[in-house]
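Read through the structure below, which is laid out as structure tokens, and then see the notes.
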Amino acid sequence: MESVVALVPDLVGSGGRLCPLRPDGQPAGAVEAAPDLAAAVARREAAERPRWVWAATDETYPRLLERAGVRPARCHDVKLVESLLLGMAGRHGSPRSLGAAWARLHDLPEPADAREGGADDQPVLFAADRQHLPQDADPLTALVAVYADQRRRIAASEHPDRVLLLCAAESAGALAAAEMGRDGLPWSAAVHDGLLTDLLGPRPAGGARPALLNDLALRIQQALGRTVNPDSPAQVLPAFARLGIPLHTTRSHELREVDHPAAALLLRYKELSRIHAAHGWAWREAWVRAGRFRAEYVVGGVVSGRWATRGGGALQIPRLLRGAVVADPGYRLVVADAGQLEPRVLAALSGDPGLAKAASAGDLYAALALDAFAGDRPRAKIALLAAMYGQTSGEAGQLLAVMRRRFPAALALVEAAARTGEAGGTVRSRLGRTSPTPSASRFVDTGGDADGAEGAGDFGSSDQRAARSWGRFTRNFVIQASASDWALAMLAALRRRLTAIGPEPRLVFFQHDEVIVHTPAALAPAVEEAVAAAGDEARRLVFGPTPVPFPLETNVVECYADAK
């Protein structure tokens, strides 16, 4: 039987309280006062490896890491689980703190969630009102009651085993996120400085533009024949219009269609300007400490289950700067990438035999091309992406007809999801993560119509467009959210397997379909095996006995740039 222990730290000091729980969440023994909470957790972790129940990992776990380096094997994060269960009940965006969940149990007004902390904020452990419990409520009593209620709600769901796995994976992701933030991604300031200097010129004083950006700005003005600020669309668009080049925006996809020297220069300026702003010298001073880029991940920060960050751009490290990610001497980076993840998810979800066969061939797009598109891989990729994202214009619409004939089960799944969204309904991932309930204010017209859109209810023409837009969202949500299910299960399995190898291999980066492990060079082969095993374990846990493989391509390198 799984050991479960509720944990509440004291607001000040290093102590706290523990309470053993039964599987249904009810107390199973006396409350234990722990003057040294981290030491008490370490003892129990060594003896029984319980599942720790606490209000929020990002509030509680940093204390354990800092005080004793304790790394629990598993936990139940009440805040993250509450968010999942609220979504399943159609209450996206409702407060999810322990205090809010406690208030709902007692029909009290729900306190709003505290603002998520940022890089320069006081540590959240010292934000006394973060849980928003009434003054007369005991935090441990509230935690135990809310956990028991969450277990009841999970058991009452349509697929309780899947939902329980989702909650466990989400909570394990929170443990990994805290550890990655503390351990950090190896980052060479010297290499970074050299890359920036090569790209932008020497570091400028104050907030001035680097030399190369200044040069590009002058060349853009010369090409346009007038003085403009390249950072200002309000100045750039009229300048292009005077040359007979009408543009709606200065976005890159529009500029790439323009055959004029100013467009190419502006594209280069925008690329380098983004690097300077998002990952330049000032960024390094804010986010890189002691040779480590220490990101602040937000687990479940996107409604599909993908992560976000509280600044720092951890999920978007530009290729031009990946050379700065360098392993320590005697160490290696094991970079693992799940290729073609979302198409494989569609194959596994739908059970379409033709798509599953293509996925089993290695390069899914190439196999799809041989089977249905006369060997034309680019057209096969366009067709599959059109199916997943609801593109119907131009060539995509014609290719969709081929997909519908050759892969009917796959197309039926995404089109049913689209119709559900158009009608105002919600859809769910494989494990139960639920899309938001649509409303008029949430609809966003992204252009193009979902295939087969019929409108929704009594919507007028504007609302029909909005409904079709929401249908495109739900069409992709079932795939993207199920991909997040797999990715989190993989991350949890990999974290467990790395712990079995030893204390040194550390997860240092996660980006939906990619992970990086920093490991002693001698352990790199074992880490590669752990990565492959974790990917296959996640496939079986999330999708059951599917023939669709979810391979993770690994590269063992000293520098991140060499992995691509």
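Structure above, values below:
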| quantity | calculated |
| --- | --- |
| Prolate/oblate/rounded call for the range 316-389, Cα gyration tensor, a/c under 1.5 rounded | prolate |
| Stokes-Einstein D for the range 224-264, Kirkwood Rh over Cα pairs, 10 °C, 1.306 mPa s (µm²/s) | 155 |
| Nearest-10 value in Å² for the accessible area of Glu271, using the 1.4 Å probe | 70 |
| Formal net charge of residues neighbouring Leu140 (Cβ-Cβ distance under 12 Å; K, R +1; D, E -1) | -2 |
| Reduced Cα scattering model of the range 43-118, Debye log10 I(q)/I(0), q = 0.26 Å⁻¹ | -1.20 |
| Amide H partners (placed H, <5 Å) of Val53, local residues excluded | Val5, Ala6, Leu7, His76 |
| The range 504-513 - phi-based ³J(HN,Hα) in whole Hz, Karplus 6.51/-1.76/1.60, Gly and Pro as x | 7, x, 10, 5, 10, 7, 9, 9, 6, 10 |
| Whole-number Å³ per residue for the convex hull built on Cα positions in the range 176-223 | 130 |
| Label point distance in nm, Val12-Ala366, each placed 7 Å from Cα along Cα→Cβ | 6.6 |
| Radius 9 Å from Cβ of Thr554, net charge of other residues (Lys, Arg +1; Asp, Glu -1) | -3 |
| Gyration tensor verdict on the range 350-414 (Cα atoms; rounded if a/c is under 1.5, prolate if a/b is larger than b/c, oblate otherwise) | oblate |
| Cα long-axis angle, helix 524-543 against the chain (0 to 90 degrees, to the nearest 10) | 90 |
| Nearest-10 value in Å² for the accessible area of Leu21, using the 1.4 Å probe | 10 |
| Extension gain from Glu32 to Asp198, taking 0.36 nm per residue of separation minus the Cα-Cα distance | 53.9 nm |
| Fully extended contour minus Cα-Cα distance, from Asp183 to Arg540, at 0.36 nm per residue | 125.5 nm |
| The range 236-359 shape via C-alpha gyration tensor axes, a/c threshold 1.5 | oblate |
| Calculated FRET value between Ile501 and Asp231, using beta carbons and R₀ = 45 Å, to 0.05 | 0.40 |
| Reciprocal of mean inverse Cα separation for the range 46-87 (Kirkwood radius, Å) | 11.2 |
| Cα-based Kirkwood hydrodynamic radius, the range 304-356, one decimal, Å | 14.8 |
| Per-residue SASA entry for Tyr297, accessible area with 1.4 Å probe, Å² rounded to 10 | 20 |
| Charge dipole magnitude, Cβ of K and R +1, D and E -1 - the range 254-297, Cα centre, debye nearest 20 | 360 |
| Amide H contacts under 5 Å for Gly339, placed H, 5+ residues apart | Glu553 |
| Cα convex hull of the chain, projected area averaged across orientations, nm² | 29.0 |
| C-alpha long axis of helix 189-200 to longest principal axis of the chain, angle in ° | 20 |
| Within the accessible area of the range 520-564 (1.4 Å probe), percent carbon and sulfur | 54 |
| Between 0 and 90°, nearest 10: helix 341-350 axis offset from the chain longest Cα axis | 70 |
| Computed FRET value (nearest 0.05) for Gln135 with Ser157, which takes r as the C-beta separation and R₀ as 30 Å | 0.35 |
| Gap separating the Cα centres of the range 225-275 and the range 350-377, nearest whole Å | 40 |
| Difference of contour (0.36 nm per residue) and Cα-Cα distance, Asp562 to Arg51 | 180.1 nm |
| Heavy-atom accessible area order for Leu218, Leu196, largest first, 1.4 Å probe | Leu218, Leu196 |
| Span per principal axis, largest first, for the Cα atoms of the range 306-437 (Å) | 55, 41, 29 |
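The values are calculated or read from the model by the stated rules, or taken from the named source; none is laboratory data. All figures in this text were calculated on a predicted structure; none of them were measured in a lab. Note that we place each Cβ from the backbone using ideal geometry, even for glycine, and neighbour counts take in every protein chain shown. These area figures cover heavy atoms from the full protein model, side chains too; ligands, DNA and RNA do not enter into them. Shrake-Rupley method; radii C 1.70, N 1.55, O 1.52, S 1.80 Å.
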